[in-house]
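To keep things clear, I will list the structure first and then write my remarks on it.
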Amino acid sequence: MVEVLVTNGPWLIGIAALFGFLMAWGIGANDVANAMGTSVGANAVTIKQAIIIAMIFEFAGAYLAGGEVTSTIRKGIIDSQYFVNAPELLVYGMIASLLAAGIWLVVASALGWPVSTTHSIVGAIIGFAAVGVGSDAVSWGKVVGIVGSWIVTPAISGFIAFCIFQSVQRLIFNTEDPLANAKKYVPFYMAIAAFVMSLVTITKGLKHVGLKLETSEAYGVALIIAVIVGLCGKFVIQRLKMNEKNERQANYNNVEKVFGILMIVTACCMAFAHGSNDVANAIGPLAAVVSVVSSGGEIAGKSPLVWWILPVGAFGIVCGLAIFGKRVMQTIGKNITHLTPSRGFAAELAAASTVVIASGTGLPISTTQTLVGAVLGVGMARGIAAININVVRNIVVSWVVTLPAGAGLSILFFFTIKGVFS
């Protein structure tokens, strides 16, 4: 059946590129709002500013650090040995998966649901493999790990966010002189944020550029950056023009202003790391199709990226964000709980810390679920009444529906594509 690939090769690659762009568009519309939603919700930046910042840093992350090679099958969720004698099935399946996951992400974004782009594509790949090839082709242990992460990930990030927010309250806001304490402690928060963000960027972003640092080296570099940022932060805060009225509210506003600046920096780092890491959800299956078709049916463990694949993913992410990113930003930033810059900073730092912990332990996580958990943690610190339970319920339902929705659509498209080309 390799003749099918030779005869229809250009058509298959063209269709895969189109659906890969759709998937990247969905990632931009849904996932990128995670990096920017808290900043918008806390009024640290406007939606327009957030979109411009995210477009620059997501594109930079995706294009500069999106990877020279990408795993043919994301997360090792299916066994490529089952496709050696029928490589065309892998090609049809990857095309079907891109279309299925892309459509689900567009629907979820339209409804303002922050779902996991990784779980969307993984669900789609599981669907076509289990039904189209055989259930043995799926690594079900990995699937169990993903389902478990629905509870574990938000719990970890929520706990960290709760602790960070409580520490900010105790050390700064609930004191006699919040402004003096902000000047004293915020440089330490800046240093911690710089340390965590540097680690996220080094481990999830720059490893794709060929900058492979040992764990100890990565921690060393992050520590040096943290010290520099902390000292610079101390210098800048001392020189900030503050409203010197000795009123408590004026003091609070000054402190929030400091956290607002901090949030913009953390959001830029999250956007860069996200672009570099999650663009693979769109370009991985596309690279697999190009690799299998170009080699006449040979399936490699890693697919080298043809020059035009990364720009398709990077441009798709930016388009989705600019056109459709507003709705999920609204859900994360405004609808779950009321955010201020200090609360938003606690949530973002907690989400980034969870990503670092997960990278070190190999825990399968979703950036979406990490951030939603962190925002919930900040809300819980103010009591259950501070959280919009209806919004949370809808989000949890959308997470549970993501795997089966991706799988169902992918099965449908797989048999359609197989019928057309066979």
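Of the set (1) outside any helix (DSSP H, G or I); (2) closer than 30 Å to residue 2 by Cα, all apply to residue 406 but (1). Summed over the range 361-390, the residues that are in contact (Cβ under 8 Å) with a residue 24 or more places away in the chain, surrounded by fewer than 17 Cβ atoms within 10 Å (Cβ to Cβ) and assigned to a helix (DSSP H, G or I) give a count of 1. Do we find that residue 339 is assigned to a loop (DSSP other than H, G, I, E, B), out of contact with any Phe, Trp or Tyr (no Cβ under 6 Å at 6 or more places or on another chain), within 20 Å of residue 30 (Cβ to Cβ) and at pLDDT 85 or above in this structure? Yes: the conditions hold for residue 339. The single residue among 346, 322, 352 that is over 15 Å from residue 200 (Cα atoms), assigned to a helix (DSSP H, G or I) and at pLDDT below 90 turns out to be 322. Here residue 156 passes the criteria (1) more than 18 Å from residue 401 (Cβ to Cβ); (2) out of contact with any helix residue (DSSP H, G or I) (no Cβ under 6 Å at 6 or more places or on another chain) except the one numbered (2).
So the check is Cβ under 8 Å with 6+ separation or different chains; which pairs have a first residue in the range 117-144 that's free of Cβ contacts under 8 Å to residues at least 40 places away in the same chain and a second one that's among the charged types (D, E, K, R) and assigned to a helix (DSSP H, G or I)? The qualifying pairs do not exist here. Listed conditions (1) free of Cβ contacts under 8 Å to residues at least 60 places away in the same chain; (2) surrounded by fewer than 21 Cβ atoms within 10 Å (Cβ to Cβ); (3) part of a helix (DSSP H, G or I) are all met by residue 85, apart from (3). Scanning the range 20-50 for residues that are buried (at least 24 other Cβ atoms within 10 Å of the Cβ), in a helix (DSSP H, G or I) and among the hydrophobic types (A, V, I, L, M, F, W, C) yields 23, 24, 25, 27, 29, 32, 33, 35, 36, 40, 50.
Okay, residues lined up against (1) in a helix (DSSP H, G or I); (2) more than 24 Å from the chain's Cα centre (by Cα); (3) hydroxyl-bearing (Ser, Thr, Tyr):
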residue	(1), (2), (3)
252	yes, yes, yes
255	yes, yes, no
261	yes, no, no
266	yes, no, yes
270	yes, no, no
273	yes, no, no
293	yes, yes, no
298	no, yes, no
316	yes, no, no
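Residue count for the range 152-177 under the criterion of being farther than 14 Å from residue 365 by Cβ, assigned to a helix (DSSP H, G or I) and of a type in the set (Val, Ile, Thr): the result is 3.
Considering each residue of the range 211-232 in turn, at least one proves to be over 23 Å from residue 58 (Cβ atoms), touching a Pro at 6+ places or on another chain (Cβ under 7 Å) and at pLDDT 80 or above.
The residues listed here are 313, 406; of these, the one that is surrounded by 21 or more Cβ atoms within 10 Å (Cβ to Cβ), more than 18 Å from residue 264 (Cα to Cα) and at pLDDT 90 or above is 406.
The values are calculated or read from the model by the stated rules, or taken from the named source; none is laboratory data. A quick note: this is a predicted structure, and the numbers were derived from the prediction, not measured. FYI the Cβ positions are ideal-geometry reconstructions off the backbone, even for glycines, and counts take in every protein chain you see.
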